[in-house]
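Sharing a structure here in structure tokens format.
What follows draws every value from the coordinates through simple rules; no lab data is involved. Keep in mind that what you see is a predicted model, and the values were worked out from it rather than measured. Please note: Cβ atoms are built from the backbone with ideal geometry, for glycine as well, and neighbour counts cover all protein chains shown.
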């Protein structure tokens, strides 16, 4: 029998991450996608929701750089996913100061450790030129 964590919205989200998938939810009453995982849709309050898998492509909506003493700068960004939801994450693979609004990015999983669950991050989407 699945545990409460496995059945919870976060448990379902983590299970998808463990398979390399970025899952999000859609309210079936108004067909609006949303993120972060929840038990009810944020606008309608409906429990008539389903999970879908994102293609993992998006655009940087906002970006900032956080400086912690003794650590390299860390980018924090809001990403607009092509499916119509927005999520907070970061863009890896480039200098934090080089992340720009409007930059196209693709999803990847930052793997879990003993102390932290897996979480989604993004990398720059390289042009085909």
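Given points 7 Å out from each Cα along the Cα-Cβ axis, report the residue 18 to residue 53 separation in nanometres with one decimal.
The modelled label-to-label distance comes out at 1.6 nm.
Something else: At a Förster distance of 25 Å, what's the computed FRET efficiency of residue 100 paired with residue 44, Cβ-Cβ distance as r, to 0.05?
Efficiency computed from Cβ-Cβ geometry: 0.10.
Once every DSSP H run of n ≥ 4 in the chain is given -39500 (n - 2.57) and the sum is divided by its residues, what mean residue ellipticity at 222 nm do you get, rounded to the nearest 500 deg cm²/dmol? The partial results should precede the final answer.
Values: 2 runs with 14 residues, N = 129.
After summing the helix terms and dividing by the residues of the chain, the value is -2500 deg cm²/dmol.
Could you state the angle between the C-alpha long axis of helix 9-18 and the longest principal axis of the C-alpha atoms of the chain, as a value from 0 to 90 degrees rounded to the nearest 10?
50
What FRET efficiency comes out for residue 80 versus residue 110 if R0 is 25 angstrom and r is the Cβ-Cβ distance? Round to the nearest 0.05.
0.80
Hey, what D do you get for segment 4-124 in µm²/s if you plug the Kirkwood alpha-carbon radius into Stokes-Einstein at 10 °C and 1.306 mPa s? Each step should come with its number before you reach the end.
Details: Rh = 15.2 Å.
In µm²/s, the coefficient is 104.
Under a point spin-label approximation (7 Å from Cα along Cα-to-Cβ), what is the residue 92-residue 10 distance to one decimal in nm?
Computed distance between label sites residue 92 and residue 10 equals 2.0 nm.
Quickly work out the residue 31-to-residue 126 label distance, labels modelled 7 Å from Cα along the C-beta direction, and quote it in nm with one decimal.
3.7
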